[in-house]
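Inspection log for the structure reproduced underneath, given as structure tokens.
Each reported figure results from applying straightforward, stated rules to the coordinates on display, with no laboratory input. Predicted, not measured: the structure shown is a model, and the values here were computed from it. Positions of Cβ are generated from backbone atoms using ideal geometry, with glycine treated the same way; all protein chains shown enter the neighbour counts.
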Amino acid sequence: MIDFRSDTVTKPSAEMLQAMIHAELGDDVYGDDPSVNALEARMAKMSGFAAAMIVNSGTQSNLCALLAHCQRGEEYIVGQGYHTYLYEAGGAAVLGSVVPQPIAVQTSGELAFADIAAVIKEDDSHFAKSTLLSLENSHCGKVIPLDYFAKARNFAIQHKLKIHLDGARIFNALTAINLQLKDICQYVDSISICFSKGLGTPMGSVLCGSQEFINRARRIRKMVGGGTRQAGIIAKAMDYALDHNIDRLQIDHANAVLLADLLKENNKLTITTPQTNMVYIDLDASIDGTLLAKLLLAQGIQISAGQNLRLVTHLNISTADIIYTADTIKDCLQLF
Ligand SMILES: Cc1ncc(COP(=O)(O)O)c(C=O)c1O
């Protein structure tokens, strides 16, 4: 099955599994798992932050960050379509009494500074206290450039806000603009990075920030049941991913462009050229998106059904798979 639903479907390779089998282990809740400690030190160094913490998932990482930055009755300003607002079951509000203040996301994936400024509350007992700006990069496959973060940093200082970056796919963004992790991290107060997407581990994220911030986040991680014991098994997979699965992201990006190029002549499809590993395809009303998904499934291609498709390339999809998929989609479209 060629699975385009998400890069979260990636399976650990035989080599990654070998690295996991040979992981040196301890008990991470006691802080003595050597593989976890090494991975956290490596991520702190790569990001330029003082500290890092392994977490089970991107959602847990973002939750720890939001609750470590904000007290009860404080608010974070966030994009309406950003993961930290829309797709995390309202965790910060439910579990931390932290108020989300969503605003529109621009087509570029950025938040407009005028929109942010318009919702920042003055210090008045009627209002929640504006404390944090929650950004995302990449967002829906779009890359937010470095100079946006430089501007965001100045803006945040001016308005006394902290910045958390949901960098679930930050290595995709960095690959596209040829930058290092530190380049972006210098402008934010914390970053969450997923390893279970394009980097191909079975689970795991890392949250990076100041030592004081990570100390607070560690307590919250424990509170939400995220303290794990022999987490070194996962840390070793993540360590393997850092060594082997970052440079190859450019293959996924090239495959996404190839798929878009092979299909874009078809006038029943509207396709934007992908910046990273996500191909967005809007189907003409004459095409039944649900039926198309069923037809493709019968040919060994799995997509999420709908009229606005998102096809995600990743390390379990080869260039040959892309060519086969484009040919098969073209064949199926003849039936509509
Ligand atoms: C932008 C973004 N942030 C955070 C997450 C959450 O990651 P997880 O599924 O590991 O909780 C996702 C998951 O798809 C995501 O796309």
DSSP bridge pairs, the chain: antiparallel proportion in percent, nearest 5: 50
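Based on the inverse mean of 1/r over its pairs of different Cα atoms, what is the Kirkwood hydrodynamic radius of the range 33-79, in Å? Let's see the in-between values first.
Working: mean 1/r = 0.0813 Å⁻¹.
Hydrodynamic radius (Kirkwood, Cα pairs) of the range 33-79 is 12.3 Å.
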Percent RCO, i.e. relative contact order, over the chain, from Cα pairs under 8 Å lying at least 6 residues apart: 25
Farthest positive-ward along the chain dipole, Cα basis, beta-carbon charges - from S196, T319, I163: I163
Using θ = phi - 60° and Karplus 6.51 cos²θ - 1.76 cosθ + 1.60, couplings along the range 183-195 (whole Hz; Gly, Pro as x): 4, 7, 4, 4, 9, 10, 8, 7, 9, 10, 10, 8, 10
Cα radius of gyration and Dmax for the range 248-333 (Å): 11.9, 37
Difference of contour (0.36 nm per residue) and Cα-Cα distance, A150 to Q230: 24.9 nm
Gain on full stretching of the segment that runs from A112 to R310 - 0.36 nm per residue minus C-alpha separation: 68.8 nm
Square roots of five times the Cα gyration tensor eigenvalues for the chain, Å: 34, 26, 17
Distance-filtered residues of the range 121-136 - backbone nitrogen under 13 Å, label point 7 angstrom along L179 Cα→Cβ: 136
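With n ≥ 4 as the cut-off for DSSP H runs, can you work out [θ] at 222 nm for the chain, using -39500 (n - 2.57) per run divided by the number of residues, rounded to the nearest 500?
-12500 deg cm²/dmol
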Inter-probe distance in nm under a simple model that places probes 7 Å from Cα toward Cβ, at S125 and Q250: 6.0
